[in-house]
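Notes to accompany the following structure.
Every number here is computed from the coordinates shown, using simple stated rules; none is lab data. Since the structure is predicted, the reported quantities are computational estimates derived from the model, not experimental observations. When we count neighbours, we look across all protein chains shown, and the Cβ atoms used for this are built from the backbone with ideal geometry, even at glycine.
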Amino acid sequence: MTPYEAFDDETEVRGQVVRTIVTEAMGKFSDEYRDRAMDALADEGIVDPGPDEWYPQQAWLNAFEVISDDLETHVLDRLGQQIPSVADWPTDPETVPEGLKSIDDAYQQNHRNGGIGYYRFKQTGDQVGTVTCRNPYPCPFDRGLIRGAAQEYAPVDSFVFVEETGTECRRNGGDECEFTVYW
């Protein structure tokens, strides 16, 4: 499986996700990043995405790939990390495990049609768990998203650490990536 390739040609992404990532999360970095992202979307036929509209996921992924090509890996990670604080979340988690489980809720709410993939959380210790990601988004973005969700719900004095620990990786043709989260 390769990042930036939708699992199904019929899969769509909610416009609010596109708007949030481009205007809110990327806008936190710079106007230049936001403008570059808007240009990449326009090249894919997505101009001024409506929050309640649905767009082909492949068009969004094509634009996302252009955006990520312009970014260093650590910036892509930080982009993912911004999502829990700027996106509409479908639940109101109160703990790190609930927050990590809610990533899949948000993903399912904002993607539709076909096999869209998932984020699966499993708690493996007192303050440790794994998140398995099976989706067409890049690994650094997912790592940041997981860190952001954990930090959002972790106690103030917690140090959140995320590392890729699975035996396969989508960057190398695997079907999924697994991240271990410590908080």
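Per-residue Cβ neighbour counts within 10 Å put Asp69, Asp105 in the sequence Asp69, Asp105, beginning with the fewest.
Ranking of Phe7, Phe179 by neighbouring Cβ atoms within 10 Å, starting from the fewest: Phe7, Phe179.
For Thr180, the shell of other residues with beta-carbons less than 9 Å away shows a net charge of -3, using +1 for Lys and Arg and -1 for Asp and Glu. Seen from every direction in turn and averaged, the convex hull around the alpha carbons of the range 31-168 projects onto 9.2 nm².
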